[in-house]
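The block underneath contains the structure these notes are about, expressed in structure tokens.
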Amino acid sequence: MSDALHIVCPHCHSVNRVPRERLASGGKCGRCKQPLFEGEPVNLDQTNFAQHIQRSDIPVLVDFWAPWCGPCKMMAAVFTQAAARLQPQLRLAKVNTEVEQGLAAQYGIRSIPTLALFMNGQEVDRVAGALDLPSLINWVSQRIGR
Ligand SMILES: [Zn+2]
């Protein structure tokens, strides 16, 4: 019996079991047949946020942002690059706080962009303000122990 990880599909949000050794090659969702990782962040909302945070066996890094926020645009470009580099070791996700005000309130987002790292359903750390790519990767690596 190989060691399997629960991976939440970024398209249909169903939970897949992926053998750890097959994670690097990505794989497709058993339900919707779309790739489990596409090298870019997944946009989450109130209906699927908890599913990703609580059911993913890999850490989930969330970028809380808003369309009117200048630094968020810089962060968005870096975040997409980071997704290509860091997935599938972790899942990168985005929450538009202008639309998802309930999530922003629930997680006490006071300034944007805010990056929050979740592991096993718990927020383990967050950082406010835009980061460049090396700083972002450093910050994450220190926290996930890689
Ligand atoms: Zn799917």
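The values are calculated or read from the model by the stated rules, or taken from the named source; none is laboratory data. Quantities reported herein were computed from a predicted structural model and do not represent experimental measurements. The area values use the complete protein model at the heavy-atom level, side chains included, leaving out ligands, DNA and RNA. Shrake-Rupley method; radii C 1.70, N 1.55, O 1.52, S 1.80 Å.
Things worth noting here:
- The alpha carbon gyration tensor of the stretch 58-140 gives principal lengths a ≥ b ≥ c with a/c of 1.5 or higher and a/b no greater than b/c, which makes the shape oblate.
- The DSSP beta bridges internal to the chain are antiparallel in roughly 70% of cases.
- For the stretch 41-48, the Karplus equation 6.51 cos²θ - 1.76 cosθ + 1.60, evaluated at θ = phi - 60°, returns couplings of x, 9, 7, 10, 9, 4, 7, 10 Hz by residue, with Gly and Pro reported as x.
- The chain: relative contact order as a whole-number percent, Cα under 8 Å and 6+ apart: 24 percent
- Placed amide H near Asn43: partners under 5 Å, 5+ positions off or other chain: Lys94
- Percent carbon-and-sulfur accessible area, the chain, ignoring ligands, DNA and RNA, probe 1.4 Å: 48 percent
- The angle between the Cα long axis of helix 133-144 and the main principal axis of the chain comes to about 60°, on a 0 to 90 degree scale.
- For the chain: rounded, prolate or oblate by the Cα gyration tensor [a/c cutoff 1.5]: prolate
- Taking the C-alpha atoms only, the angle from helix 70-86 to the longest principal axis of the chain is near 20 degrees.
- Isotropic mean projected area of the C-alpha convex hull, the stretch 1-74 (nm²): 5.8 nm²
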